[in-house]
1. Quick one: what are the phi-derived ³J(HN,Hα) couplings along segment 10-15, Karplus 6.51/-1.76/1.60 with θ = phi - 60°, whole Hz, x for glycine and proline?
2. Take every Cα pair under 8 Å in segment 76-154 that's 6+ residues apart, average their separations, divide by the length, and report that relative contact order as a whole percent.
3. So, with a 1.4 angstrom probe, what is the percent of accessible area on the chain that is carbon and sulfur?
4. Suppose R0 equals 22 Å; then what is the FRET efficiency for E80 and T111 from their Cβ-Cβ distance, rounded to the nearest 0.05?
5. Round to the nearest 10 and give me the degree value, 0 to 90, for the angle of helix 91-122's Cα axis relative to the longest principal axis of the chain.
6. Scan [x] 2, 9, 19, 23, 21, 15, 7, 3, 1, 0, 0; [y] 2, 9, 19, 21, 18, 12, 9, 6, 3, 1, 0; [z] 2, 8, 15, 16, 16, 13, 10, 8, 6, 4, 2, 1, 0 for the value of P(r) over Cα pairs in 5 Å bins from 0, in percent calculated from this model and give just the label.
7. Return the long-range amide H neighbours of S33 (sequence gap of 5 or more, or a different chain), with a cut-off of under 5 Å between placed amide H atoms.
8. Taking a probe of 1.4 Å, how large is the accessible area per residue of the chain, in Å²?
Amino acid sequence: KTLNDLFVHQLRDIYYAEKRIVGALPEMVEKASDPQLKQGLKMHLDETKGHVLRVEQVFKMHGIEAKTVNCPAIDGILDEADEIVGDVDDAAVMDAALIAAAQAVEHYEITRYGTLIAWAKKLGRNDCASVLQKNLDEEKAADRKLTSMADAGVNLRAAS
């Protein structure tokens, strides 16, 4: 009904998404063969655990209970990633598929954090916006790293 209601709902949505991603990343790490990709996914798992903590901090700052709402969008992105990765036998192609799946997740998170930050500012919650900005900055950096890995050789190896 209000912008605050939207903010809380979206915060619960990204909380669900981050928790789902924490659960999905270890399997992606296991399936990666490129050492740089494997290490990057491990590092992002640690960052994602930090994202969960920051979202919990925003719940507390905003005076609301930290809880999730189902997020069909991230469920769909992760289900599609499982489906695509499950159909790949070649290790180089698997790495390219993992990067594509990870970037789909990053792009979803980038849109959600961008919206949350804008709404937090409109609600006069610059304190919440600055905490969420840290997550957004890390998501954007992860996306850039994935692009760099793809361009630096993963996609070329997959095409060979």
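1. 5, 5, 5, 5, 5, 4
2. After rounding, I find 33 percent.
3. About 53 percent, which is the carbon plus sulfur part of the accessible surface.
4. Efficiency, rounded to the nearest 0.05: 0.85.
5. In the chain, helix 91-122 runs at an angle near 10 degrees to the longest axis.
6. [y]
7. Under 5 Å from the amide H of S33: D95.
8. Values: 8120 Å² over 160 residues.
The answer is 51 Å² per residue.
The values are calculated or read from the model by the stated rules, or taken from the named source; none is laboratory data. Please read these numbers as outputs of a predicted model, since none were measured by experiment. Because the Cβ atoms are built from the backbone with ideal geometry, glycine has one as well, and the counts that use them run over all protein chains shown. Accessible surface areas use protein heavy atoms only, side chains included; no ligands, DNA or RNA. Shrake-Rupley method; radii C 1.70, N 1.55, O 1.52, S 1.80 Å.
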